[in-house]
Amino acid sequence: MSEVLDDDTIESRLPEHWSLDGEEIVRVYEFDDYLTGVAFASEVGELADEQFHHPEIRVRYDEVEVRFTNHEAGGVTEQDVEMAERTDALR
């Protein structure tokens, strides 16, 4: 099982625009229209499925919220930080 990172380590390692929210890391991506956000959410889903590490994704009219955590470990792990970086690379 992956090791849960402490808050200071998480904060120092998070990519820009990501933040720690309890036991999750979160970022909201903004889009000009709904369908562009839906397409991005689909790309995030494909990436997550390839890595077998699935986020919570919320699609709103002009934004998509992505949240990562490791439920088995009980918090944020190195894999979550890596997935945040990979998700940013899709943009």
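We did not get these values from a lab; they are worked out from the coordinates using the rules stated. Please read all numbers here as calculations on a predicted model, not as lab measurements. Reconstructed Cβ throughout: ideal geometry from the backbone, glycine too, with neighbour counts over all protein chains shown.
The table for this structure:
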read-out: The stretch 38-80 - charge dipole about Cα centre, Lys and Arg +1 at Cβ, Asp and Glu -1, debye rounded to 20; value: 180
read-out: Within the chain, longest stretch free of exposed GluC sites (Glu not before Pro) [DSSP loop, at most 12 other beta carbons within 10 Å]; value: 17-71
read-out: Of Asp21, Asp32, Asp49, the one that fluctuates the most in a GNM where the chain has Cα springs shorter than 10 Å; value: Asp32
read-out: On Cα atoms only, tilt of 34-51 relative to the major axis of the chain in degrees; value: 40
read-out: Charge dipole (debye, nearest 20) of the chain; +1 at Cβ of Lys and Arg, -1 at Cβ of Asp and Glu; value: 220
read-out: Equivalent-ellipsoid semi-axes of the stretch 7-90, from the Cα gyration tensor, Å, largest first; value: 21, 14, 11
read-out: Principal-axis tilt of helix 78-90 within the chain, Cα atoms, nearest 10 degrees; value: 20
